[in-house]
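Engineer: I'd like to ask some things about the structure below.
The values are calculated or read from the model by the stated rules, or taken from the named source; none is laboratory data. This one's a predicted model, so the numbers in the text were calculated from it and none came from an experiment. Cβ coordinates were reconstructed from backbone atoms using ideal geometry, including for glycine residues, and neighbour counts include every protein chain displayed.
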């Protein structure tokens, strides 16, 4: 696997050279926009809606719309004035318990690998795993400032970027549920259902069925065949919570997980 960035990981007085690797890959099926008549890829042009003429790239500008029809157009240099200074340091500022960072904060996972001094790198990874805490880090990569969490992963170090503070929606902002309180019987059924679904995490079960069907369709079309797609029947909604829980518990037992 090829590293996407080289940096220096700094924890207090310790500084280690590391390489940053992407922990996820884009496996989506990407479509080109084609001319329906001869299947030639079409070219996108920016058109002035008033004159109908194409606008050259050097004549295009970007700017936020404050209100309908009112824009602020900064110069090409102004946005760069507030850009963070280039750096190749991932600085861990402090450590917190793992449960202190809610799942909503996590954005994108990376893996840090050693770029020399392997013994110190793996010693740090083991210490992170035993401590049960994650380090809060910050770094600048490709002109963008990031914050993240440094955590152990399978004997190595993972770096998970975090959302900005003003981007995460707290559950306290959501409307409070209305209606009668949950009855004891429903609560007990829910507890039994949760217990029935308890099982080890199996990553192989995380499949993108839609992507698989699209790839199957593309392969069939490429070979001149037609693929018949049968949509799955949607379950009928029910307002009876107890009944829904009983049916879910029954289905779990039939699958052999209860």
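Engineer: Which pairs have Cβ atoms under 8 Å, sit 6 or more apart or on different chains, and link a residue in the stretch 186-215 that is closer than 29 Å to residue 230 by Cβ to one that is modelled with pLDDT of 80 or more?
Structural biologist: Pairs that qualify, where the first residue is closer than 29 Å to residue 230 by Cβ and the partner is modelled with pLDDT of 80 or more, are 208/27; 211/27; 211/28; 211/29; 214/29; 215/29.
Engineer: Another one. Just give me the residues in the stretch 198-220 being surrounded by 12 or more Cβ atoms within 10 Å (Cβ to Cβ) and either assigned to a helix (DSSP H, G or I) or over 25 Å from the mean Cα position of the chain (by Cα) (or both), in sequence order.
Structural biologist: Scanning the stretch 198-220 gives 211, 213, 214, 215, 216, 217, 218, 220.
Engineer: Related question: Please go through (1) within 31 Å of the chain's Cα centre (by Cα); (2) modelled with pLDDT of 95 or more for residue 40 and return the number of the only condition it doesn't satisfy.
Structural biologist: Unmet for residue 40, out of (1) within 31 Å of the chain's Cα centre (by Cα); (2) modelled with pLDDT of 95 or more: (1).
Engineer: Do we find that residue 54 is in contact with a strand residue (DSSP E or B) (Cβ under 9 Å, 6 or more places away or on another chain), surrounded by 10 or more Cβ atoms within 10 Å (Cβ to Cβ) and closer than 30 Å to residue 111 by Cβ in this structure?
Structural biologist: no
Engineer: Count, please, the residues in the stretch 16-40 that happen to be in contact with a strand residue (DSSP E or B) (Cβ under 8 Å, 6 or more places away or on another chain) and touching a residue at least 24 places away in the same chain (Cβ under 8 Å).
Structural biologist: Total meeting the criteria: 9.
Engineer: Here is a follow-up. From the set of residues in the stretch 106-129 that are without any contact (Cβ under 8 Å) to a residue 40 or more places away in the chain and farther than 20 Å from residue 1 by Cβ, which is surrounded by the fewest Cβ atoms within 10 Å (Cβ to Cβ)?
Structural biologist: In this case the residue turns out to be 119.
Engineer: Out of curiosity, is residue 169 in a loop (DSSP other than H, G, I, E, B), under 20 Å from the mean Cα position of the chain (by Cα) and surrounded by fewer than 17 Cβ atoms within 10 Å (Cβ to Cβ)?
Structural biologist: It is true that residue 169 is in a loop (DSSP other than H, G, I, E, B), under 20 Å from the mean Cα position of the chain (by Cα) and surrounded by fewer than 17 Cβ atoms within 10 Å (Cβ to Cβ).
Engineer: Also, I was wondering about something else. For the stretch 53-74, does any single residue satisfy the condition of being within 30 Å of residue 171 (Cβ to Cβ), without any contact (Cβ under 8 Å) to a residue 60 or more places away in the chain and part of a strand (DSSP E or B)?
Structural biologist: Scanning the stretch 53-74, I find no residue that is within 30 Å of residue 171 (Cβ to Cβ), without any contact (Cβ under 8 Å) to a residue 60 or more places away in the chain and part of a strand (DSSP E or B), so the answer is no.
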